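In what follows, a structure is listed as structure tokens, so that the remarks can point back to it.
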Amino acid sequence: MQKKCYFLLAHEHLHNWIGSKLKNNEQEELNKWFTEGFTDYYARVIALKSGGVSLGEFIDSCNLFLQYYFLSPVINEPNTRIESDYWHNYDIRKLSYYRGFVFAIYLNHLIKQNSNTYSLDNVILDLYNITKHDKDNFSSNLFQKIAKPYVGRSITAEISRFIDKGETIDLAELIDILPIEKSVIGRYDPGFDMAIFDKEKVIRNIKKTSNAYKAGLRDGDVIVRHSFWRNNPNKTMILKTKDKIFRFKPVSQDNKVTIYQIKENLSPEEESAIKQFFNVKL
């Protein structure tokens, strides 16, 4: 929990730069992938560079964001949906954070693929200097213009596919340069109607194939206390009725998805690869 607060504080501190000194334009919600997603990316990278967190803590936090992205129930919603529903739908709002975070990793890879001399850091520094001196605000077009020489080509296609249209960002290309692995896991599925639960704290429309049902929960059960992580199928959900406690993992047995995660047990060479990728001094 302490490190979670550390990343949260780092995120909010970075808004002194991204969103304050590097101002957004009038398309605020359409640019949330940058103002929130890239802020989350740099909150973690800078925390690692400064020694505020260990490499293991950095990996754990990155993996959580990668998991949230690939398991998001709205992963393929277009950017216009974020614009219209950002303040009305939790999953849509968080998608901008997760999508921008993963796109930052992907773009850093494209830059390093073109020239290992540069990284995403150079794009952000150029963007800051240009907006500082020319008084321009952030825009997708300006971002693409600045990134182009570092990638060695236009990134208009990537912005269109992954940001505007909402296609899933495939990290398969990174397997050769980062110690990441692909796995198939079930999506987050509590097994009952969460909208009704949020309002009434009552179990409704429970699925007989769900882990919740297997744990003993039934329609009509009134929950007096609960503890769980939303959208995380690996965290045990704990629900308490008047006379019984139910524990289960809210993971679907039928709806599965491919996700990418950074390996946890790393060799010295793999640790070095991560530090080089994120521009951390060895």
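For helix 55-70, what angle does its Cα long axis make with the longest principal axis of the chain, in degrees from 0 to 90 and rounded to 10?
70 degrees
Sorted from largest down, give the three principal axis spans of the alpha carbons of the chain, whole angstrom values.
Principal-axis extents of the Cα atoms in the chain, largest first: 64, 46, 33 Å.
So, in Å, what gap is there between the alpha-carbon centers of region 258-282 and region 31-49?
The distance from the Cα centre of region 258-282 to that of region 31-49 comes to 18 Å.
Express the relative contact order of region 190-249 as a whole percentage, based on alpha carbon pairs under 8 Å and six or more residues apart in sequence.
Once normalised by length, the contact order is 27 percent.
Using alpha-carbon positions, what is the distance between the centroids of region 143-203 and region 65-138, in Å?
Between the Cα centre of region 143-203 and that of region 65-138, the gap is 10 Å.
Skipping prolines and chain starts, which residues have an amide H placed within reach, meaning under 5 Å, of the one on I180, given they are 5 or more residues away or on another chain?
Those qualifying (amide H under 5 Å, at least 5 residues apart or on another chain) are K263.
How long is the gain from E26 to I245 if the chain were fully straight, where each residue apart is worth 0.36 nm and the alpha carbon distance is subtracted?
That pair, E26 and I245, stretches by 73.9 nm at full extension.
Pop a pseudo-label 7 angstrom from the Cα along the beta-carbon direction at both I238 and E12 and give the gap in nm to one decimal.
If labels sit at I238 and E12, their model points lie 2.7 nm apart.
How high is the relative contact order of the chain, given as a whole-number percent (alpha carbon pairs under 8 Å, six or more residues apart)?
Relative contact order for the chain comes out at 19 percent.
Looking at N231, G37, I105, which one has the Cα that reaches farthest to the positive end of the dipole of the chain (charges on Cβ: Lys, Arg +1; Asp, Glu -1)?
In the chain, that residue is N231.
What FRET efficiency comes out for the pair R81/D121, r = Cβ-Cβ distance, R0 = 35 Å, nearest 0.05?
Computed FRET efficiency for R81 and D121 comes out at 0.70.
Under a Cβ-only charge scheme (Lys and Arg +1, Asp and Glu -1), can you give me the dipole magnitude of the chain about the Cα centre, in debye to the nearest 20?
900 debye
Output the pairs from K94/K235; K94/K256; K23/K112; K148/K263; K208/K235 with a Cα-Cα distance over 25 Å in this structure; if there are none, say none.
Result: K23/K112; K148/K263 exceed 25 Å.
Each reported figure results from applying straightforward, stated rules to the coordinates on display, with no laboratory input. Treat the numbers as computed from the prediction; the structure is a model and nothing was measured. For neighbour counting, all protein chains shown are included, and Cβ atoms are generated from backbone atoms with ideal geometry for every residue, glycine included.
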